[in-house]
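Colleague: Handing you this structure, nothing more for now.
The values are calculated or read from the model by the stated rules, or taken from the named source; none is laboratory data. Given the structure is predicted, the values throughout are model-derived calculations rather than measurements. Cβ placement follows ideal geometry from the backbone for every residue including glycine, while neighbour counts extend to all protein chains displayed.
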Amino acid sequence: MLRIIDARTGEPADAAPARRGLTRVEARASGYDASGLRVLLVADLLVRALELGGTPVWSLLTGDREQAELRAGAEALGVRPFEDSRDLGAALGEAQVVQVAAMSGSGRERDGDGEGAASDGRKAGDGDGASRGGPGGGVLVAVAPVEATVTFTPTSTDTDTDADQAARAHADDGAGAPADAAGAGDGPSAGAGVGGGPAVSGGVGHGPAADDEARAAAEDPAVWRLVLLGRRHGQPLRIDERALREARRTLTRWRRAVAGWARRPSRPIPDDVRGRLRGAWEDDLDVPAVLRVLEWVATRPDLADGARFETYAYADRLLGLDLTRDLGHAL
């Protein structure tokens with residue numbers, strides 16, 4: 001059972017309803033910046049984790065600012081599409097609400113009226129009506145901010161949407177600077193955050209190395225996704241060219257390994273490996289622990305290559321890193 005820390009109480013809470021029913025995951029991004037995009041990714045992880053546990057779930061994006069840019073950024077990061085209407089949940093028998101919102105620099109969930117949840121687990125004010133939750137009171141997941149020192153502008157295509165163009169114009173105007181944050185990471189792409197979707201500028205630390213690394217990573221948005229996954233959602237992130245470079249190398253190494261393991265006969269995932277993976281992500285979405293399990297699986301001497309492949313493919317249903325992308329390619 002997936003349990004997450006409710007930011008209003010500081011206590012663990014079930015992400016799925018006690019009785020059988022639908023869970024709504026509501027992403028409350030206050031604007032288009034790196035911190036807002038991290039909110040969308042955490043919501044996406046919740047959706048994926050609930051689905052893996054057999055819980056019916058749907059997701060909703062709320063807010064009145066830069067919706068087109070946020071949706072375009074989410075698409076670039078591989079986030080599952082959001083629904084357009086709140087009415088869907090009522091029609092399908094919604095039984096639980098999990099809201100995901102960004103913390104401000106002071107450590108409180110950003111709410112339009114200044115109320116929110118304290119990052120140290122202290123109970124905070126209810127805020128607006130939406131923040132009080134839905135059926136059963138709802139659960140609030142607070143996401144720490146991101147500081148970006150590089151700009152991410154994915155390779156342009158001939159099929160740019162209006163949202164893509166609006167997002168680039170927004171970044172060119174110098175808007176969307178993320179909230180201040182810092183900290184070292186605890187995953188394979190440690191010490192990093194994400195610069196954004198179609199274009200997010202951190203406004204500092206730009207230079208030839210940063211621009212080159214950002215351009216290289218922009219060709220594969222999964223690099224940005226891996227960087228975001230490198231720390232738990234309640235801890236601040238920082239992105240720079242070094243973090244992008246390390247994440248890109250990790251992703252390349254894992255994809256090559258998966259492609260090589262796929263050439264061997266398939267083997268089932270050992271029970272202890274599956275248990276460690278699920279135990280990690282069901283413990284308040286501890287995705288860095290999931291990444292550490294993958295590193296362990298890659299070097300565990302008693303595992304068959306076919307079992308390594310199945311483990312990485314299974315974990316990627318949560319991670320969304322396209323780890324099987326290089327299957328069939330020459331190694």
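Colleague: Tally up the residues in the stretch 280-289 that are in contact (Cβ under 8 Å) with a residue 60 or more places away in the chain and crowded, with 17+ Cβ neighbours inside 10 Å, please.
Modeller: The qualifying residues number 6.
Colleague: Of the numbered conditions (1) surrounded by fewer than 19 Cβ atoms within 10 Å (Cβ to Cβ); (2) in a helix (DSSP H, G or I); (3) free of Cβ contacts under 8 Å to residues at least 40 places away in the same chain, Y314 satisfies every one except a single condition; which is it?
Modeller: So Y314 meets the others, but not (3).
Colleague: Right, something else. Say we look at the stretch 129-151 and pick out the residues that are modelled with pLDDT of 60 or more, of a type outside the set (G, A, S) and not in a strand (DSSP E or B); which of these is nearest to I5 (Cα to Cα)?
Modeller: Applying the filter and picking the extreme gives P145.
Colleague: While we're looking at this one, here's another question. Return yes when R263 is part of a helix (DSSP H, G or I) and over 19 Å from the mean Cα position of the chain (by Cα) and no when it is not.
Modeller: So R263 fails the test.
Each row is one residue, and each column tells you yes or no for (1) crowded, with 24+ Cβ neighbours inside 10 Å; (2) hydrophobic (A, V, I, L, M, F, W, C); (3) not assigned by TED's automatic domain parsing to the domain that holds A222.
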site	(1), (2), (3)
S30	no, no, yes
D33	yes, no, yes
L37	yes, yes, yes
G53	no, no, yes
P56	no, no, yes
L61	no, yes, yes
R65	no, no, yes
R71	no, no, yes
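Colleague: Please tell me if I239 is β-branched (V, I, T) and closer than 27 Å to V141 by Cα.
Modeller: Judged against the criteria, I239 is a match.
Okay, residues lined up against (1) at pLDDT below 90; (2) in a helix (DSSP H, G or I):
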residue	(1), (2)
P178	yes, no
V194	yes, no
G205	yes, no
D220	yes, no
Q235	no, no
T250	no, yes
W254	no, yes
V273	no, yes
R276	no, yes
